[in-house]
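S.K.: Below is a structure I'd like to ask you about.
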Amino acid sequence: MTKVYQAFETLRQHKAVLHDSVELGCGIQLASWSNKNDIVNQESADHHTLSLYVADGYECYHKTRGGWRNGGGPDRFCLMPKGSMSSWDVRDDLSFVHLYCSDEHLRHLVEQTWDRSPAAIDLEERTFKEDSQITLLYRHFLLSSQWQENSNQLMLSSAANLLLAHLVKNYTHLQWALPTMRGGLAPHILNRVKDYIHTHLAESLLLPELAALAQLSEFHFARMFKQSMGMAPHQYVMNARLIRAENLLKTSQMDITSIALECGFSSTSHFSNRFKSVRGMTPSALRGGIIV
């Protein structure tokens, strides 16, 4: 059952324009918005919201006890924990990304990553702050890919979980250091994961389902997989998709659109662009250059 995020629904009832949205497994959703000339009151929600300012936002004001205060701008972020209430006056252009996370998912992430179960997880409210790690993650991963493209889902879910782990480490009362990882996956577990990946390349793969195969948290799985394979899970999956696509281009009579779908790409154009960026030529150019 799809979770309803109150902050998301509140914006839909105002002047905010929704440009894109994607669910990344149970308990996480991304949404891309723009807004202007609007006053938004966010009521006490049952989930957490990380707001990432992409462009403009200089005339976005937050209501404080001392009155309305601005401080927004590109690469600033606001953190609105579960139960928080806030009022915003958007007086000029603002483009932003919201990451919604259920409290259940955050607790699950904490318990699996740190192998500890705190009595409470209290995210600290933040407004118009800067954090270079948050900027790096959302600009490099969240803004650099098409959200609706199936082949990008694993990268997006990985980046979202990294953002959440960073929030727990730096913006809660816990202040727990991230665990140090040594060694990779056991060979039989690695083979199980690789077999699953190659069997399901046509589908939208997410980090939680791969981690579940290894019976590990997303955090531990991603790092142990990289130790074993020398690349992140999303890089391995993309490489496997391109290898299968190249083999099908060379050995089958399937049309390029069918090959794109068979290898987990939602559109021919995205497949062609990704293939060219890695292989140096488009799929049609590769097929046209094969001498029979």
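S.K.: Between Ser151, Ser87, Ser277, find the one with the highest GNM mean-square fluctuation for the chain; connect C-alpha pairs within less than 10 Å.
M.R.: The residue with the greatest mean-square fluctuation here is Ser277.
S.K.: Give, as a single signed number, the net charge of other residues whose beta carbon lies under 14 Å from the beta carbon of Trp33, with Lys and Arg counted +1 and Asp and Glu -1. If you can, show how the numbers build up before the last one.
M.R.: Values: positive: Arg12, Lys15, Lys36; negative: Glu9, Asp20, Asp38, Asp56, Asp93.
Net charge in that neighbourhood comes out at -2.
S.K.: Then there is this: Using a Cα-Cα cut-off of under 29 Å, which lysines could be cross-linked to Lys15, ignoring same-chain neighbours fewer than 8 residues away?
M.R.: Within the straight-line cut-off, Lys15 pairs with Lys3, Lys36, Lys63, Lys82, Lys129.
S.K.: Oh, and also: Identify which of Trp88, Trp114, Trp176 has the largest mean-square fluctuation in a Gaussian network model of the chain, with springs joining Cα atoms closer than 10 Å.
M.R.: Trp176
S.K.: If you split all Cα-Cα distances of the range 180-291 into 5 Å bins from zero, what percentages do you get per bin, shortest first?
M.R.: The distribution over the range 180-291 is 2, 12, 22, 20, 14, 12, 10, 6, 2, 0, 0, given as percents.
S.K.: Mind checking which helices in the chain clear 24 Å along their axis (Cα) and have mean Kyte-Doolittle hydropathy of -0.5 or more, DSSP H runs only?
M.R.: Working: long enough: 153-170 (26 Å, 0.84); 233-251 (27 Å, -0.43).
Sorted by number, the helices that extend far enough and score high enough are 153-170, 233-251.
S.K.: Right, here's the next one. Could you work out which residue, out of Leu18, Leu164, Leu50, moves most in a Gaussian network model of the chain, that is, has the largest mean-square fluctuation with Cα springs under 10 Å?
M.R.: Of Leu18, Leu164, Leu50, the Gaussian network model singles out Leu18 as fluctuating most.
S.K.: Also: How many angstrom lie between the C-alpha centres of the range 81-123 and the range 133-195?
M.R.: 16 Å
S.K.: Cross-link partners among lysines for Lys276, C-alpha distance below 30 Å, same-chain residues fewer than 8 apart left out?
M.R.: Lys194, Lys226, Lys250
S.K.: Continuing with the same structure: Provide Rg and Dmax in Å for the range 91-220, with only Cα atoms included in the calculation.
M.R.: 16.4, 57
S.K.: Taking just the alpha carbons, could you work out the radius of gyration and Dmax for the range 6-170, both in angstroms?
M.R.: Just the Cα atoms of the range 6-170 yield Rg and Dmax of 15.2, 47 Å.
S.K.: How charged is the neighbourhood of Ser284? Take every other residue with its Cβ under 15 Å from the Cβ of Ser284, and add Lys/Arg as +1 and Asp/Glu as -1. Walk me through the intermediate numbers first.
M.R.: Numbers: positive: Lys250, Arg274, Lys276, Arg279, Arg287; negative: Glu246, Asp255.
Within the 15 Å Cβ shell, the charges total +3.
S.K.: Also: Is it possible to state the helix-based mean residue ellipticity at 222 nm for the chain, with each DSSP H run of 4+ residues giving -39500 (n - 2.57), the sum divided by total residues, to the nearest 500 deg cm²/dmol? What is it? Let's see the in-between values first.
M.R.: On the way: 11 runs with 119 residues, N = 292.
Calculated from helices alone, the mean residue ellipticity at 222 nm is -12500 deg cm²/dmol.
S.K.: A follow-up question, please. Using a 7 Å offset from the Cα along the Cα-to-Cβ direction at both Tyr58 and Gln227, what is the distance between the two label points in nm, to one decimal?
M.R.: Reported label-point gap for Tyr58 and Gln227 is 4.8 nm.
S.K.: Which entry in (i) 17.9, 53; (ii) 21.6, 66; (iii) 21.0, 76 matches Rg and Dmax of the Cα atoms in Å derived from the coordinates of this structure?
M.R.: (iii)
S.K.: Which far-off residues, 5 or more places away or on another chain, put their amide H under 5 Å from the one on Ala45, with H placed in the peptide plane?
M.R.: Close amide H contacts, sequence-distant or interchain: Gly83, Ser84.
S.K.: What does the charge count near Ala260 come to, summing +1 for each Lys or Arg and -1 for each Asp or Glu among other residues with Cβ under 15 Å from its Cβ? Mind dumping the intermediate values first?
M.R.: On the way: positive: Arg241, Arg244, Arg274, Lys276, Arg279, Arg287; negative: Glu149, Glu203, Glu246, Asp255, Glu262.
Net charge in that neighbourhood comes out at +1.
S.K.: In the range 158-208, which trypsin sites (Lys or Arg not before Pro) are in a loop and have at most 11 other Cβ atoms within 10 Å, using DSSP for the loop call? Working shown, then result.
M.R.: Details: sites: Lys169, Arg182, Arg192, Lys194; in loops: Arg182.
Passing both the DSSP loop test and the Cβ count: Arg182.
No lab work stands behind these numbers, since they all come straight from the coordinates. Bear in mind the structure is a predicted one, so any value in this text is a computation, not a measurement. Note that we place each Cβ from the backbone using ideal geometry, even for glycine, and neighbour counts take in every protein chain shown.
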